[in-house]
């Protein structure tokens with residue numbers, strides 16, 4: 001079973017610049033992972049910006065550079081945090097993260113995270129994806145903020161994904177698939193695309 005939602009990009013060219021990272025989610029507790037997520041996100045943003053040299057004499061170039069770095073760092077951090085938070089703790093399947101610099105008709109940065117999920121988590125996430133795709137992102141953001149304020153233990157608000165859309169104009173997509181192994185693993189790959 002494979003399902004694709006949103007702006008998921010299946011084929012990624014191998015002749016463009018890319019960086020892949022892997023994480024073993026069971027090696028340290030998730031509470032200790034939060035700092036690593038931020039460091040990894042900052043590293044990815046720094047890595048990407050080396051492909052866009054700053055012209056010291058043009059303040060617009062500096063501002064664009066800083067904006068790109070900030071956006072990539074935020075999105076990378078959110079994708080990593082979600083992958084860690086919703087990873088199936090009974091699975092030894094690694095969390096995979098990648099960033100691609102694609103030069104098609106427009107210059108695009110594509111970030112993706114893949115993690116395994118339990119069927120319970122998958123059902124909830126599936127419902128959220130459908131709500132996200134069929135709703136106005138700004139209205140859904142307000143609804144989720146209100147829900148967050150009302151429910152103390154509401155951890156799956158989707159505010160990070162909505163911020164990617166509303167603040168960074170990211171195009172999001174998802175691929176859900178079953179990986180045939182023993183035992184069977186369900187994975188979710190979340191993709192965020194930023195046009196530069």
- Per the filter on the stretch 15-47, residues under 30 Å from residue 91 (Cα atoms), in a loop (DSSP other than H, G, I, E, B) and in contact (Cβ under 8 Å) with a residue 24 or more places away in the chain are 24, 25, 26
- Query: Applying the selection to the stretch 132-160, what residues are loosely packed, with under 13 Cβ neighbours inside 10 Å and in a helix (DSSP H, G or I)?
  - Reply: 134, 138, 139, 142, 146, 149, 150
- Note on the structure: Within the stretch 48-84, the count of residues that are over 12 Å from the mean Cα position of the chain (by Cα) and part of a helix (DSSP H, G or I) comes to 14
- Task: Give just the number: which of (1) free of Cβ contacts under 8 Å to residues at least 24 places away in the same chain; (2) in a loop (DSSP other than H, G, I, E, B); (3) closer than 21 Å to residue 195 by Cα does residue 9 not satisfy?
- Result: (1)
- Query: Which one is surrounded by the fewest Cβ atoms within 10 Å (Cβ to Cβ) among residues in the stretch 53-85 that are touching a helix residue (DSSP H, G or I) at 6+ places or on another chain (Cβ under 7 Å) and at pLDDT below 85?
  - Reply: 55
- Task: Specify the residue that is farthest from residue 44 (Cα to Cα); the eligible residues are those in the stretch 86-96 that are crowded, with 18+ Cβ neighbours inside 10 Å and either at pLDDT 95 or above or touching a helix residue (DSSP H, G or I) at 6+ places or on another chain (Cβ under 9 Å) (or both).
- Result: 88
- Checking residue 99 against (1) surrounded by 16 or more Cβ atoms within 10 Å (Cβ to Cβ); (2) part of a helix (DSSP H, G or I); (3) in contact with a helix residue (DSSP H, G or I) (Cβ under 6 Å, 6 or more places away or on another chain), which single condition isn't satisfied? (2)
- Task: Filter the stretch 85-96 down to residues that are in a loop (DSSP other than H, G, I, E, B) and within 15 Å of the chain's Cα centre (by Cα) and give me whichever is farthest from residue 172 (Cα to Cα).
- Result: 87
- Some residue of the stretch 113-122 being part of a helix (DSSP H, G or I) and touching a residue at least 40 places away in the same chain (Cβ under 8 Å): yes
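The values are calculated or read from the model by the stated rules, or taken from the named source; none is laboratory data. Quick caveat, the model's predicted, so the values are computed rather than measured. When we count neighbours, we look across all protein chains shown, and the Cβ atoms used for this are built from the backbone with ideal geometry, even at glycine.
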